[in-house]
1. Among the residues of the range 419-441, count how many are within 21 Å of Gly164 (Cα to Cα) and out of contact with any Leu (no Cβ under 8 Å at 6 or more places or on another chain).
2. Can you tell which of Leu119, Leu34 is modelled with pLDDT under 95, closer than 30 Å to Glu246 by Cα, in the same structural domain as Ser218 (by TED's automatic domain parsing) and of a type outside the set (Val, Ile, Thr)?
3. Would you confirm whether or not the range 253-276 contains a residue that is under 15 Å from the mean Cα position of the chain (by Cα), closer than 25 Å to Gly372 by Cα and touching a residue at least 24 places away in the same chain (Cβ under 8 Å)?
4. Could you list, in sequence order, the residues of the range 186-207 that are of a type outside the set (Asp, Glu) and either outside any helix (DSSP H, G or I) or not assigned by TED's automatic domain parsing to the domain that holds Ile241 (or both)?
5. Only one of (1) over 29 Å from Arg102 (Cβ atoms); (2) modelled with pLDDT under 95; (3) among the aliphatic types (A, V, I, L, M); (4) over 20 Å from the mean Cα position of the chain (by Cα) fails for Val41. Which number is that?
6. Quick check on my filter: what residues within the range 82-106 are modelled with pLDDT under 90, among the charged types (D, E, K, R) and in contact with a strand residue (DSSP E or B) (Cβ under 8 Å, 6 or more places away or on another chain)?
7. Kindly indicate the residue of the range 140-158 that is small (Gly, Ala, Ser) and farther than 30 Å from Arg309 by Cβ and also surrounded by the most Cβ atoms within 10 Å (Cβ to Cβ) among those meeting that condition.
Amino acid sequence: MRSPILTMAFVAVTAVNGLSQTETKERCPLQAPLPESSPAVTPAEICATIAVLAADSLEGREAGSPGADLAAAYIAGRFAAAGLSPPEGGFLQRFTFPAALRHDPHAAESVHVNGPGVLPPGPGSGTLATANIVGILRGSDRELSREAVVIGAHYDHLGYGGPGSLAPGVRAIHNGADDNASGVAGLLELAERFVADPPARTLLFVAFGAEEPGIVGSLHYVEHPVWPLEATVAMVNLDMIGRLRETLTVYGTGTSPAWPAILDSLPEPEGFRLSRVPDGFGPSDHAAFYGAQVPVLAYFTGAHEEYHRPGDDLTTIDPTGSARVIEHVAAVVERVAGGDREIRYAEAPATERRAMAFSVGLGIIPDYAFAGPGLRVSSIRPGGPADRAGLATDDILLELGGHPIGDVYAYTAILADLEADVPVDLVYRRAGDERRVTVAPEAR
């Protein structure tokens, strides 16, 4: 799957931060030889793609920035080199969005909650331009090729930080190697794999712009689809698939009656277990499609201490784990696009919809793959409410404001009823011991 575009861009990689001290898996090197052309999914090519997108020269790929434009051009070139066809008008589906969303991404939370809608006009003036990148692989069956499966991943990140960063007050390039250069690498690997053997149904590969300000690109696509939504049988999303540990989380397993049977038909995953979350809403681009009543599956290897921080860099990526995730997704897409199954929409339990409705936080990143009971703390923002209360990574939150925390969804539902700067009791477990502290949530 080697391409001239990849070869030229790969040599521009500059120095990146090192590994987290707690992780010992093999990581992407700063430089590595590219493999020979092959439809196989390889760790070397995953590293090479992420090296291009997470290079300092792209300055964090913030939506509407020159770095994001360079990333879009690179992805469009990779689509063309892979053999995908552009829609009418070219690979780039251009759109604009309010500039204020880059400074206040929570201005778009109502869009996350309710699915497709009109973007709110935030404070300030002006608009910014960016694009989705869309490539088409026509299905091999004359009849079934009229139906399409969308495979998506957003390519934008946070630029130099700002409100979305968990390193407050730090102006530094946030390269977003895991979030979400890893997802784009998976998207490109899947495109090159399926070009070699197209399935019965048509595949649409979409790299979405402006996800970080509020899934703007996917909402634009849903409102202006390249392929009719009524003929779009499913959407598969890749967001942060570069840090595989024990668990791979897949969201949306309740959005079609077909999903359990398809997932059950796969061989037992190698080196990880699959954690299934039924809800189709959530903080990524699949939510826009689920809001339009398209069945979805969304893959995520979990939060980590480098999430939305400058340290989310190339050498933190586990390319072997990413390859395993991509192989799993390829097997799912083969079954979905193969045409021998009907993929019907179903309304799933609305856990994630509640999760997007809160306006206060404790300054933590939950471990979304933790099975409970309780909520495991994946990382803590320095100086935030949890940090001031003495919490630490790996603490298990059990109760907040007198309400039990069964899982991450219960936690976010509790947050929705709390007020900023009003202290509440928090019960948590550390190394087997239960502890109680008082914590004052802060406004988000």
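1. If we filter the range 419-441 for residues that are within 21 Å of Gly164 (Cα to Cα), which is where we start, we get 419-421, 440-441.
Narrowing the set further to residues that are out of contact with any Leu (no Cβ under 8 Å at 6 or more places or on another chain) leaves 419-421, 440.
Result for the range 419-441: 4.
2. Values: Leu119 fails: closer than 30 Å to Glu246 by Cα.
None of the other options fit; the residue is Leu34.
3. No, the range 253-276 contains no residue that is under 15 Å from the mean Cα position of the chain (by Cα), closer than 25 Å to Gly372 by Cα and touching a residue at least 24 places away in the same chain (Cβ under 8 Å).
4. Here is the first cut: in the range 186-207, the ones of a type outside the set (Asp, Glu) are 186-188, 190-191, 193-196, 198-207.
Passing the criteria: Ala196, Pro198, Pro199, Ala200, Arg201, Thr202, Leu203, Leu204, Phe205, Val206, Ala207.
5. The number of the failed condition is (4).
6. Arg102
7. Our first condition is that a residue be small (Gly, Ala, Ser); within the range 140-158, this holds for 140, 145, 148, 152-153.
If we keep only those that are farther than 30 Å from Arg309 by Cβ as well, we get 140, 145, 148.
On the way: Ser140: 16, Ser145: 19, Ala148: 26.
Once the filter is applied, the top-ranked residue is Ala148.
Conditions tested, residue by residue: (1) touching a strand residue (DSSP E or B) at 6+ places or on another chain (Cβ under 9 Å); (2) under 23 Å from Ala51 (Cα atoms); (3) in contact (Cβ under 8 Å) with a residue 24 or more places away in the chain.
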| position | (1), (2), (3) |
| --- | --- |
| Ala167 | no, yes, yes |
| Ile173 | no, yes, yes |
| Gly183 | yes, yes, yes |
| Ala210 | yes, yes, yes |
| Ile215 | yes, no, yes |
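The values are calculated or read from the model by the stated rules, or taken from the named source; none is laboratory data. Computed from a predicted structure; not experimentally measured. With ideal geometry, Cβ positions are generated from the backbone for all residues, glycine too; neighbour counts draw on all protein chains shown.
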